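Notes follow once the structure below has been shown.
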Amino acid sequence: MTTKSGLRPDFLWGGAVAAHQLEGAWQADGKGVSIADVMTAGANNVPRQITAGVQPGQNYPNHSAIDFYHHYKADIKLFAEMGFNCFRTSIAWTRIFPNGDESAPNEAGLKFYDDLFAECHKYGIEPVITLSHFELPYHLVSEYGGWRDRRVIDFFVHFAEVCFKRYRHSVKYWMTFNEINNQMMYMNDFTVATNSGLVFRHNEDAATREALMYQASHYEVVASALAVKIGHQINPNFEIGSMVNFTPLYPASAAPADILVAEKMMQRRYWWSDVQAWGHYPCGMEAYFKQHNLRPDITAEDRIVLQEGTVDYIGFSYYNSMTIAVDGEGFKIVANPTLETSEWDWPIDPIGLRYSLNWLQDRYHLPLMIVENGLGARDKVEADGRIHDPYRSAYLRAHIEQMIKAVNDDGVDLWGYTPWGCIDLVSAGTGQMSKRYGFIYVDKDDDGNGTLARSRKDSFYWYQKVIQTNGADL
Ligand code: BGP
């Protein structure tokens, strides 16, 4: 059964956030320090740094964020007012296991999410939960070197199991790792650190880094598969998904060499979801490992685990496409002259979302969920307190149109849509408040000043109407 828009009547409409980007309360109720808690603020063209522990005098925006920890009831009420029937957030690993390697969980942390999920259900809002969204316990990084150490698999699986058991009746939709494939950008210190805790050894050369990235990634896909398997045993009705950042790579020209390099880089960028969906490595990656003399520690037992823990759906974030051209033996990213870009230079490409939905559907034959999409922008509060943000609804409208075409014209099986940062929060990339995605404005600036008061932007009312009509009135 479908509705006027063509979307299923139980289509999941909501918004997405991550614990560390909005909760604040970084030391409340026994919470431990996560990798996000030691990230400095950053600025335009100044990347965020992962520091060796909390340093006096540094600005750590995630520490207080938008204090959702103490505002969640009012915030969820606002989500309900918009009509959300789902809400994607993460469980901060360090609320449950402050150091990551304990055997007994922190009850106060578990209780916070009991209360949060109960508040969601009060309004018929289904939680959609990421277990690891750039929130590795800092202790696992300083003691074990993050995911370079096989023992971290067990710590993650234990964390996952505790969450699955505790929330088996309150959460149905899960994802193991946020944007697990971003580690592809292993030369970017910030990206690889947030995804796998590979930090502190910046003297490691490119080849060593690449080898470590594949090793860490392998341990993560094994941990993910084990979690999926255990999750299904705990509650067979769980839907446990992969979560990748989907950035389609377009060839810069019709030259066969450009087309081939784009395809090869797509293979290198999406092998994580291949493994999670298929239960084995794609042949192209096995060949790549051999050719580059990469010998990740992949045991015969690991290969069985991968087969036994395949995912139920593919969740993905979509912000933009990228365009790629062959460059000697390698490739280069080039500008796409057909696309406009955001203030942060992210190309704006709604058709790319339809392309992505088609690509993912054809490759995996699994239901899909768009778990992040949106435009980071600066907002201006008018003298009367209103926030006019037509650029935000224009971006989302254009993307939702393409999403609906993918469902109606291409037959894509799509479960839901949760635009990123439905309430303003700390930007992961810049560490700043001024790159805003929300329908709800939060009064806080990049220096941490502000009342934290929440107000509805124009896009709040627009999205409310979209949800009310199940996407028919955009
Ligand atoms: C994704 C992350 C989010 C989020 C978003 C927007 O990569 O999963 O955590 O923040 O991108 O990025 P940014 O905050 O850098 O604009």
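Restricting Val426, Val412 to those that are assigned to a loop (DSSP other than H, G, I, E, B) and surrounded by fewer than 23 Cβ atoms within 10 Å (Cβ to Cβ) reduces the list to Val412.
Here's the yes/no breakdown for (1) at pLDDT 95 or above; (2) in contact with a helix residue (DSSP H, G or I) (Cβ under 6 Å, 6 or more places away or on another chain):
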position	(1), (2)
Gly57	no, no
Tyr60	yes, no
Ser64	yes, no
Ala108	yes, yes
Ile125	yes, no
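Annotation note: Cβ proximity below 6 Å between a residue of the range 338-360 that is under 16 Å from Ala262 (Cβ atoms) and a residue that is part of a strand (DSSP E or B) and not polar (S, T, N, Q) (sequence gap 6+ or interchain) occurs for Leu339/Pro347. Residues that are at positive phi and outside any helix (DSSP H, G or I) were ranked within the range 15-41; the one that is nearest to the chain's Cα centre (by Cα) is Gly24. Just to be sure before I move on: is Asp345 modelled with pLDDT under 95 and charged (D, E, K, R) in the structure I sent? For Asp345, the condition - modelled with pLDDT under 95 and charged (D, E, K, R) - is met. Search the range 314-354 for residues being of a type in the set (A, V, I, L, M, F, W, C) and assigned to a loop (DSSP other than H, G, I, E, B), and hand back the single one that is farthest from the ligand (Cβ to nearest atom). So the residue we want is Ala335. Meeting the requirement of 1 or more residues that are more than 16 Å from the ligand (Cβ to nearest atom) and farther than 30 Å from His292 by Cα, the helices (runs of 4 or more DSSP H) wholly within the range 151-256 are 151-166, 206-234. On the stretch given as the range 431-450, residues that are touching a strand residue (DSSP E or B) at 6+ places or on another chain (Cβ under 9 Å) and within 16 Å of Ser64 (Cα to Cα) total 7. Set side by side, the residues Arg8, Arg88 differ, and just one is surrounded by fewer than 21 Cβ atoms within 10 Å (Cβ to Cβ) and among the basic types (Lys, Arg), which is Arg8.
Could you go through the range 382-401 and let me know if any residue there is at pLDDT 95 or above, acidic (Asp, Glu) and out of contact with any helix residue (DSSP H, G or I) (no Cβ under 9 Å at 6 or more places or on another chain). Yes, the conditions are met somewhere in the range 382-401.
The values are calculated or read from the model by the stated rules, or taken from the named source; none is laboratory data. Worth saying up front: this structure is predicted, and the values here are computed from it rather than measured. So basically every Cβ, Gly included, is an ideal-geometry build from the backbone, and we count neighbours across all protein chains shown.
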